[in-house]
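Questions regarding the structure given below will be posed in turn.
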Amino acid sequence: MNPCPVYERKSQTVFLFFICVRKHVTEQWQIWTGQNAARLCYVRSRDAGQTWSSLTDLTEQVIGEELKDWATFAVGPGHGVQLSSGRLVIPAYAFHITARCCRLPLPCWTVPQSLVFYSDNGGQRWHKGELIEGMKTGECQVAEVACQACDPVLYCNARTPCRCRAAALSTDQGLTFESPSSCKQLCEPPHGCQGSVVSFTPTTGLLEADGAEGPDAPASKTTCLLNGENAPSAIRRSTMSWLLYSHPTSKRKRVNLGIYLNRSPLNEANWEHPWLLYQGPCGYSDLAVCQEVSAPLLFGCLFECGVNHVCEEIAFQLFPFEDLQS
């Protein structure tokens, strides 16, 4: 369940993460009983998916004793990222048991919280970041935002039960995140839905049209981080990355898949009105940057859709950046 691939550039290896769960065990049963049945697993391929390794179970190595405090967990779904430092990052979420009654958790005391798993040695060994606190966050994806005057920032966009998305920033590559903020411009349908996010470098022409000075311009007087405090709340607009986000655009149900653009990724108020990629029932989606080094910028989106129901088929569509301006 919950496939989440990531590509390691140096070894040209695809790691496909997922969870394995015992038959007939639902997520809701795990949450109500506090008895986790999920395992953190991956397979890998070094020939672009033609052949795959046997399954590796990382549950004990990566989560260990903390597993007793997780009613259940999952990765993604969607995709992971390799940061400019080389770190591999897999987004995930856990239902954290904050209290028990007669050895059983109560639903209101089991809180969904996002986090990431990561590797700094090409996927040989994996570790766990800290749970994001301050807001209920579930299915999530992350993207690296390059900055002019500081190290890159890891941006996390997560599903919530609050009728809007949540965003959290990390200045230590996912080890910890600041408290999430609500993204009022990115709505959720009544029961929420997974969404996808990617970062990309805009072309010089786009930067000029946007009034930006470009990545080679000197850093502004407003630095990304104040006095080395590593406080994401101090980050300003001096970024060299833009973000794309895909998600159903309706507040009432899962319909009309939209692609949102943010030219100032660290400002949650700057999400633009979405371009509709698909009109009709739709659900989960996953974005990819297919061509970035030369014009035109080209993106791809894999998504659930249908005529009468959300999950009638899985479709894939390529689209250039210019379509977002139509």
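Values in this text are rule-based calculations from the coordinates and carry no lab data. Just so it is clear, the structure is predicted and the values come from calculations on it, not from any experiment. Note that each Cβ is placed from the backbone with ideal geometry, even for glycine, and that neighbours are counted across all protein chains shown.
Can you give the convex hull volume per residue for the Cα atoms of the chain, as a whole number of Å³?
In the chain, the Cα hull volume divided by residue count equals 146 Å³.
Pairs LYS23/LYS128; LYS68/LYS184; LYS184/LYS251; LYS136/LYS253; LYS23/LYS251: which exceed 23 Å Cα-Cα?
From the list (LYS23/LYS128; LYS68/LYS184; LYS184/LYS251; LYS136/LYS253; LYS23/LYS251), the Cα-Cα distance tops 23 Å for LYS23/LYS128; LYS68/LYS184; LYS23/LYS251.
Rounded, prolate or oblate for the range 1-131? Axes are the square roots of the Cα gyration tensor eigenvalues, ordered a ≥ b ≥ c, and the cut-off for rounded is a/c under 1.5.
prolate
Still on this model: Starting at the first residue of the range 56-66, write each ³J(HN,Hα) from the Karplus equation 6.51 cos²θ - 1.76 cosθ + 1.60 with θ = phi - 60°, in whole Hz, x for Gly and Pro.
Result, ordered by residue: 10, 9, 9, 3, 5, 5, 8, 9, x, 5, 5 Hz.
If you average the alpha carbon positions of the range 52-118 and of the range 119-145, how far apart do those two centres end up, in angstrom?
Between the Cα centres of the range 52-118 and the range 119-145 lies a distance of 9 Å.
Could you please rank TRP275, TRP242, TRP126, placing first whichever residue has the fewest other Cβ atoms within 10 Å of its Cβ?
Ordered by Cβ neighbours within 10 Å, fewest first: TRP275, TRP126, TRP242.
Ranked by Cβ crowding within 10 angstrom, fewest neighbours first, how are HIS24, HIS96 ordered?
Lowest count first: HIS24, HIS96.
Follow-up question, since we're still on this one. Taking only Cα atoms and a 10 Å spring cutoff, compute GNM fluctuations for the chain and point out the largest among ALA168, ALA74, ALA269.
Comparing ALA168, ALA74, ALA269 in a Gaussian network model of the chain, the most mobile one is ALA269.
Per DSSP H run of at least 4 residues, take -39500 (n - 2.57); add these up for the chain, divide by its residues and hand me the 222 nm value, nearest 500 deg cm²/dmol.
-1000 deg cm²/dmol
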